[in-house]
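Okay, so here's the structure we're looking at.
Read-outs: derived from the displayed coordinates by stated rules, not from any lab. On a predicted model such as this, the values are computed, not experimentally measured, just so you know. Ideal geometry is used to build each Cβ from the backbone, glycine not excepted, and the neighbour counts take in all protein chains shown.
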Amino acid sequence: MHWLRYFPPMARRDMAALGCGVDWRRAFITTDVNPFYDGFVQWQFRTLRKQARPSNTHPQPHTAALPPAGGAGSLQTLRLQATRAQSNQQQHARQQQKP
């Protein structure tokens, strides 16, 4: 219970130092020390379990995977395509300049 007396005053001090306006009358403890909040959280989990939902309802984040070197979309391939496109543009410009 030491942390309940230690951290909240630090948080208030830090928020004030940052210039944040906080209505501390609406602050409450979100642990099992507060039986009303803890009871609400337990009710939520019981309800979700009854509905057969997983406890982690957040979707997995998308991960970016680089294609293999030399494969379609790889950095090497993209550079090669850009170089070819630039070369084609230069060749086309030279052809346009010829009378």
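Tabulated data for the structure shown
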read-out	value
Label-point separation, F28 to A82 (7 Å along Cα→Cβ), nm	5.5 nm
Segments 19-29, 4-14 sorted - mean Cβ within 10 Å per residue, highest first	4-14, 19-29
